Structures are given as C-alpha cells and as structure tokens.
Amino acid sequence: MRSLVSIVLAASLSSCIGYEPSEFREPQHLSLALTEQFSYQRATPKYSELDNEKKGNYTKRRVQLWYAATSQNEFPTSINLHWYHPQTEKPVPVILCLPLLNNSFNFEHRCASYFAEKGYAGLIIHTLDRETSVATGRQLSRIFEESVHDHKRVIDWVETRQEFNGDIGIFGASAGGIKATIITALEPRIDAAVIALAGADIPDIIQHSSLSLIKKKTKDAREHDHLAQEQWYSKMREELTLDPKYVASSINPEKVLFVQALFDSIVPTRNQEQLYRLMGNPERELFLSGHLTPLFFPGYIESRSHSFFKKKFNSEK
C-alpha cells in the first residue's frame, strides 16, 4: 500500500511544471488608509530564552519578546517564537514560516527545521490561540492585522541581531499562504516569498471549500448568528477589511514563487488563479493534483523553496 501511494505521488509530481513568466506586472501602491493603519512606533523588546535544544546540525530555541506599552492606549504585549538556527558562527538569512489552518501537522516546524539544516534560520510565531475556528469577517481582519504587526515587530528584532545577515524570506501554504500574501504586501523588508496553495477572496474560498472542518465551522457560525447562508456570507464580505484580493496587487511579483494546484477543492483553483493574476504573474509552480500532494510529498516543496530563496537573497549571489 505504501509503495502504491509513493507511485501515485511521484506520478503527480512528475506532472509538475515550473513557469518563468516573460513579463511581470508592475506592483501598485498601497492605499493611504492601509499605510496609515499599519504604521507603528518601533520599540526594542526585552528578550528571554525559554528553552534551548540541540538537534543534529541546528539548535531549536523557544524565546519570548516582551514589548512595553508605547502609549496610554496600549497594553504590554509579548511574542513567543520558535527559532531554528543552524550550527554556524556566521550571520544567516531568516525564513518566517507560517502554519497551516489550526496549526495542523506541525507543517511550519517541518519547514523551519529543513531551512535550518540548509543554513537558514527558521522563525515561527506561536499563534495557537488565534487559529481555532472560522471567524466572522471582523474577527478574521483582526487576526490578520495582529499577524502583520507581530511579523513586523519580529523583523525589527531580527534587524538588531548579529546572528542574521539581513536577507528575509517568508514561507506559507494554504491558510499560511493567505497570511503570507497579506504580510508580504504590507512589509517591504521581505526580500522573497514562497506562497503556496493560497487564494484571493476569502469569503468565496470559505463558501466553496470542500474541507469538512470549514463546512462544520461555518454551519455552526451561521446557526449561532441565526442567519441564512447568503446573509452570513454577505455580512462577512462587509466586515472583512483585509483579504489578499485587496492587497496582492501591491506585491512585487519578482520576489514571489507561487505554488498552485490545478485540481484543488479545499482552496479552489479559481481563487488560486485569481491571486496569481493579482500578484502580477509571478514565477509559478503548477501541480496536476489536489491540495495535499504538494504539501506532503516529503521535502519537495521545501527543496523548491530553498532554491528560490537562494536565487533571491543578496548574500547568496
């Protein structure tokens, strides 16, 4: 049985085609409202290391960044990080690794450890408490906004550390790819982004996704709000202020590798194609498969991402 699965996966991957687009679309400017929304005062955090574990040729740390309030309207805040760092004395690039929906399968830790073995630092912001269910449009916007601010603050911290050389990449797939799109659009210090199996128009994705978890959570949410299906999605569209479809056109396509599945029913293929076009036709890897094959064929998506980062980072040239 295991050999049969391997044959099927190999057949799917043998049908994977990489595209080098001949013409990128120029990125558009962010709206003034979004620029102002994500302006903030930089602050130096208090750093503490919670634990440290050596694993082969890298070290895994769990650290906390603690930020004091910068105004009377703010509360102190902390960011918990998982930090995978290669065993080297020289400064290295950083890859921000984002989780799947509900932090499924420890996917982000698999990727961060892979990058550490290849000589890059892998950083993961611990966000388990935020990723528990499908939310309202307002709640989703808040989750995305907090994620953008957290990653901006982590990049601020990265710039103060001698362990890092200034090259910054981001890697996200599925729900993590949706977040990675929004973060890349709003954070110009990201040099390269691998965005996989993500789409634009989140309400449409949720409405048409085949994922049983999403179907159940949306049904529960509609019943809680006492709304018919179309009313609930209409409300979500009204409330959702952050969505890849609003910001993707501001991304420079030259710094993106987009991984797309042509028979995806979890993040429907049409939404992936919409995102690809909005980002200005970046370099693309196509899979003749559904949603899961690119994620779980051992090492493939990480290896392809590493090659892309190596091509884009200044320190590698």
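Working note: Cα atoms of the chain, range along each principal axis, descending, whole Å: 57, 54, 41. Size descriptors for the stretch 164-317 (Cα atoms only): Rg and Dmax, in that order, 16.4, 57 Å. Straight-line reach from Lys152: taking Cα to Cα under 23 Å and skipping same-chain neighbours fewer than 8 places apart, the lysines in range are Lys46, Lys60, Lys179, Lys245, Lys255, Lys310, Lys312. Working value for the stretch 224-285: equivalent-ellipsoid semi-axes of 28, 15, 7 Å, each the square root of 5 times a Cα gyration tensor eigenvalue, largest first. Only Cα pairs under 8 Å and 6+ residues apart enter the sum, and on that basis the relative contact order of the chain stands at 21 percent.
Considering only DSSP beta bridges where both residues belong to the stretch 13-311, give the percentage that are antiparallel (nearest 5). Working shown, then result.
Working: 26 of 48 bridges.
Just about 55 percent of them are antiparallel.
Just so you know, all these numbers are worked out from the coordinates, no wet-lab data involved. Model, not experiment: these values are computed from the prediction.
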